[in-house]
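Student: Next up is a structure, given as structure tokens.
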Amino acid sequence: MSRPWNSIIILWFLGILAAAQFAKMSIIAPLWRAEWGLSLPQLGWLVSLLEVGGALLGLVASFGLAWAGPRRFLVIGLVTLAVASATEGLTSNLALLFTARAIEGAGYLLVVIAAPTAIAASADDLIRPRALALWSTFVPVGIAAGGGLTAFMLTMSGASGVMLIWSILLAAAIPFVVRIRLAESSAHQIILPEIAAWISTFGFGLYTMFISIVTMLLPAYLIERSGATLAQAALAAALTSLAALPGMVAAVRLMRDGDLPTDKVIKSAGVALIAALPLVLLLYRGSGEGVLLRSIWALSAVAISGIVPALMFARLPKLAGARTPDDPRIATANGLITQFGAGGALIGPPLAGMAVAVWGWPALGIFCGLIVLALLASVVASECLAAPSIEKRT
């Protein structure tokens, strides 16, 4: 493996470790819901508060990244995540638990802005789209790893012990950040990306809203509607998150010769999202379906739509108007995609929880279908808007 790929893989693993903190709470929260009497909306907020930092400060944090550099952001982010996880494990106060979860979101924000910016700077023009497509999988892989490991650790320890173990794992990653070779920019500038990147990153927020609803509430949905055990629900959620990986592989294969033209991006995203529509409607329809069938619908919807985030990350430097690998537009575009993505993941589960409380689970099928259609519109709009300027630069 070439030296750039060594750094890219390590940065990808750091993203997976950060995203695992999202899933750990989706597995543990049902236990705390029973222990502390949490409502379903409160459960959704406890899961999604990891995204509060990105939702509020994603773009602002990208300005700081231009001056501090990726390495400092990564170290500070991992330290914050480790301390917050330890606090979650040690506290017996509900308010402090929610506060620690929100602080954890700040650490998550620093990691997920710094890592893709470092990847873009480390990769050449040929491998950059594939490297960023790989990075796009850090959330589903992290959710799968976090959910699976958390469920496994719960067989040996209580919820508090699991949180402390995660804190140790996060701290253990810090030496890798100190030693890794990073291509850091010497130009400490702040330049906002072009409008196409704003539209695309807003669309990514719609995708994270969709995927967080499907995966994060799946354990509670399967337990309540299909009588699943906690172990069955955790396994289904982990496999559903991993289902996005074939989409990433498809995107990498499409970009084996470099970047994709606009028409291929639109066609690929359009086919995937239109095919996903009936699956989300089937997932939340009526009652009577068992754990296996509902899990298959969820897994299929995520698998088919999985090519879209990979394409969005791969295309982001182009849509942002970047001229060089360390163009400051890449950092601010990563701030935007983090802010919109975090916003979608932050409000998705609580909104879904409120919708279920009012209209029942079947309403989520219509809600998720509308999100998918809006996502497709954003992909088409951003690509069409950016096409003339991309052609001029090439």
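Student: Please pick out the residue among T240, T215, T201 that is under 18 Å from L132 (Cβ atoms), touching a residue at least 40 places away in the same chain (Cβ under 8 Å) and surrounded by 20 or more Cβ atoms within 10 Å (Cβ to Cβ). Lay out the reasoning, then the answer.
Tutor: Working: T240 fails: under 18 Å from L132 (Cβ atoms); T215 fails: under 18 Å from L132 (Cβ atoms).
Testing whether each residue is under 18 Å from L132 (Cβ atoms), touching a residue at least 40 places away in the same chain (Cβ under 8 Å) and surrounded by 20 or more Cβ atoms within 10 Å (Cβ to Cβ) leaves just T201.
Student: Of the numbered conditions (1) more than 23 Å from the chain's Cα centre (by Cα); (2) in a helix (DSSP H, G or I), A275 satisfies every one except a single condition; which is it?
Tutor: (1)
Student: Inspect segment 126-138 for any residue being among the hydroxyl-bearing types (S, T, Y) and either closer than 22 Å to Q42 by Cα or in contact with a strand residue (DSSP E or B) (Cβ under 7 Å, 6 or more places away or on another chain) (or both) and give the result as yes or no. Working first, answer last.
Tutor: So the first thing to find is which residues in segment 126-138 are among the hydroxyl-bearing types (S, T, Y), and the list is 136-137.
Next, only the ones that are either closer than 22 Å to Q42 by Cα or in contact with a strand residue (DSSP E or B) (Cβ under 7 Å, 6 or more places away or on another chain) (or both) stay: none.
Scanning segment 126-138 turns up no residue that is among the hydroxyl-bearing types (S, T, Y) and either closer than 22 Å to Q42 by Cα or in contact with a strand residue (DSSP E or B) (Cβ under 7 Å, 6 or more places away or on another chain) (or both).
Student: Tell me which residues, restricted to segment 173-213, are over 30 Å from R329 (Cα atoms) and either of a type outside the set (A, V, I, L, M, F, W, C) or modelled with pLDDT of 95 or more (or both).
Tutor: Initially, segment 173-213 is screened for residues over 30 Å from R329 (Cα atoms), giving 213.
Selection gives nothing.
Student: Report whether or not A196 is part of a helix (DSSP H, G or I), farther than 30 Å from N6 by Cβ and of a type in the set (G, A, S).
Tutor: yes
Student: Provide a single number: the residues in segment 56-81 that are buried (at least 21 other Cβ atoms within 10 Å of the Cβ) and closer than 27 Å to L164 by Cβ.
Tutor: 6
Student: Just to be sure I understand, how many residues within segment 49-68 are farther than 18 Å from T80 by Cβ and either modelled with pLDDT of 80 or more or touching a helix residue (DSSP H, G or I) at 6+ places or on another chain (Cβ under 6 Å) (or both)? Outline the logic, then answer.
Tutor: The first filter runs over segment 49-68 and keeps only residues farther than 18 Å from T80 by Cβ, leaving 59, 63, 66-67.
Going one step further and asking which of them are either modelled with pLDDT of 80 or more or touching a helix residue (DSSP H, G or I) at 6+ places or on another chain (Cβ under 6 Å) (or both), we end up with 59, 63, 66.
Here the count works out to 3.
Student: Assuming E104 fulfils every condition listed in (1) surrounded by fewer than 24 Cβ atoms within 10 Å (Cβ to Cβ); (2) of a type in the set (D, E, K, R); (3) within 22 Å of F176 (Cα to Cα) apart from one, which condition is it?
Tutor: (1)
Student: Please count how many residues of segment 137-150 are at pLDDT 85 or above and crowded, with 22+ Cβ neighbours inside 10 Å.
Tutor: Just the residues of segment 137-150 that are at pLDDT 85 or above, to begin with: 138, 142, 145-146, 149-150.
Those left that are additionally crowded, with 22+ Cβ neighbours inside 10 Å: 138, 142, 146, 150.
Within segment 137-150, residues that are at pLDDT 85 or above and crowded, with 22+ Cβ neighbours inside 10 Å number 4.
The values are calculated or read from the model by the stated rules, or taken from the named source; none is laboratory data. The model shown is predicted, which means the values in this text are computed figures rather than measured ones. Reconstructed Cβ throughout: ideal geometry from the backbone, glycine too, with neighbour counts over all protein chains shown.
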